[in-house]
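The values are calculated or read from the model by the stated rules, or taken from the named source; none is laboratory data. This one's a predicted model, so the numbers in the text were calculated from it and none came from an experiment. Cβ coordinates were reconstructed from backbone atoms using ideal geometry, including for glycine residues, and neighbour counts include every protein chain displayed.
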Amino acid sequence: MSSHDDAIRDLLSSAKIIAVVGLSSKRARASFGVSRYMQAAGYRIIPVNPNESEVLGEKAYADLDAIPKDVKIDVVNIFRRPEEVSEVVEAAIRLGAPAIWMQEGVIHEESAAAARKAGIFVVMDRCLLKDHQRLMR
């Protein structure tokens, strides 16, 4: 077991609220399946998508900055193309999010470095659902 796995396990154990950027209400989308699984596992999911009003029974927000300040986001989970990651990470830094999770295929080294410099724990190019099943079951 790697120290990175230990850090991910600690994160998944302490996190309660996950903001999912790019969460779609379309059931066939990976963002929907992963978020539905995490919600069933006990996490509150905050949808972040300007094209949605509600997903998985939760009000959707146009962007991270629109989430009410009294909602403490523990993880920002990113389901966006790599070229759209930097603005999401900048918003996560403004938000003071303790962790950013870039899903499989989402790789942006510059943004990851900026987030780490801001003291944010970063997971990149990994599936939240797969790591939760592997580490928390």
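Here are a few things to note about the model shown:
- Residue match in the stretch 1-8 (condition: modelled with pLDDT of 95 or more, buried (at least 17 other Cβ atoms within 10 Å of the Cβ) and over 21 Å from Leu135 (Cβ atoms)): no
- Some residue of the stretch 14-22 being more than 14 Å from the chain's Cα centre (by Cα), among the hydrophobic types (A, V, I, L, M, F, W, C) and either surrounded by 13 or more Cβ atoms within 10 Å (Cβ to Cβ) or modelled with pLDDT of 95 or more (or both): no
- Just one of the listed residues (Ala62, Ala41) is over 22 Å from Ile8 (Cβ atoms) and among the hydrophobic types (A, V, I, L, M, F, W, C), namely Ala62.
- Search result, residues across the stretch 6-25 that are in contact with a helix residue (DSSP H, G or I) (Cβ under 6 Å, 6 or more places away or on another chain) and more than 18 Å from Ala92 (Cβ to Cβ): Arg9, Ser24
- Those residues of the stretch 108-122 which are small (Gly, Ala, Ser), free of Cβ contacts under 8 Å to residues at least 24 places away in the same chain and either in a loop (DSSP other than H, G, I, E, B) or farther than 17 Å from Ile8 by Cβ (or both), in sequence order: Ala113, Gly119
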